[in-house]
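Right, one structure below, let's go through it.
The values are calculated or read from the model by the stated rules, or taken from the named source; none is laboratory data. Computed from a predicted structure; not experimentally measured. Cβ sites come from the backbone with ideal geometry, for glycine too, and all protein chains shown count toward neighbours. These accessible areas exclude ligands, DNA and RNA; they are computed on the full protein's heavy atoms, side chains included. Shrake-Rupley method; radii C 1.70, N 1.55, O 1.52, S 1.80 Å.
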Amino acid sequence: MFKIPKRTKKEDDSEIAMPPVASPHSDDTWLSTGIDVENRIIELTGIIAEPMYSFLLKSLIKLNTINHNPITIYLSSNGGIVHDGMAIYDLIRSSPSPTIIYAVGKICSMGIIVLIAGDRRFASANTRFMMHSASHATEGKTKDTRNDVNEVEFQDKHTSKLLVSRSNLTKVELDKLLDAPDHWFGTTTARKYGILTTESKPKARKAKRK
């Protein structure tokens, strides 16, 4: 069962929770597929698109079929497609097993939406984060482009609403941050925003009433 290693000194803004360590007897498929079934670890890196969604779907089904102990996800991404990012967010939030996400390297754009889906969210000391408004390139007839623009505006409002609900940021604060083309920040600021968490134990999923 997953356990957070004990801290050796008082936590401050420069420290983050240490990630779990895979045992020497971990399933060899970890090296080739990115999932360690024995230790319940998933590697989720790269562009947020359909292949990432498909991989995560299969991984969560497999691990949740075994038991409902916490699942650890290592996440690093430059961002990607909004619709696929929302699908990944929904997968993580609907998992009956608590999820712990470790941000490493870079978490950009839709990567932040995927990150906030985790029940607990930590980051390595040098991880960088970037958020911005949704963007979209379109061409074609006026009616078609207008529909595309309306969809982008919907995506922007919806992802902003999720960020506010899963962080310490208010809508006004978030809108100010998104005024700039790209808003970059580090782990200390991410913790201040509430994008990273400090809970010592994963929260149990609430049973749904029939």
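Looking only at the stretch 161-183, decide whether some residue is among the acidic types (Asp, Glu), in a helix (DSSP H, G or I), more than 20 Å from residue 89 (Cβ to Cβ) and at pLDDT 80 or above. Within the stretch 161-183 (the criterion being among the acidic types (Asp, Glu), in a helix (DSSP H, G or I), more than 20 Å from residue 89 (Cβ to Cβ) and at pLDDT 80 or above), the answer is yes, since at least one residue qualifies. Tell me, yes or no, whether the stretch 141-148 has at least one residue that is within 20 Å of residue 86 (Cα to Cα) and at pLDDT 85 or above. There is no residue in the stretch 141-148 that is within 20 Å of residue 86 (Cα to Cα) and at pLDDT 85 or above. Restricting attention to the stretch 44-66 and to residues that are surrounded by fewer than 19 Cβ atoms within 10 Å (Cβ to Cβ) and either in a strand (DSSP E or B) or at positive phi (or both), the residue that is farthest from the chain's Cα centre (by Cα) turns out to be 46.
For residue 131, the test of being surrounded by 24 or more Cβ atoms within 10 Å (Cβ to Cβ) and touching a residue at least 40 places away in the same chain (Cβ under 8 Å) is passed. For the stretch 67-87, taking the residues that are open to solvent by less than 40 Å² (accessible area, probe 1.4 Å) and in a helix (DSSP H, G or I), the one that is farthest from residue 107 (Cα to Cα) is identified as 87.
Picking from residues in the stretch 4-43 that are outside any loop (DSSP other than H, G, I, E, B) and among the charged types (D, E, K, R), the one that is modelled with the highest pLDDT is 43.
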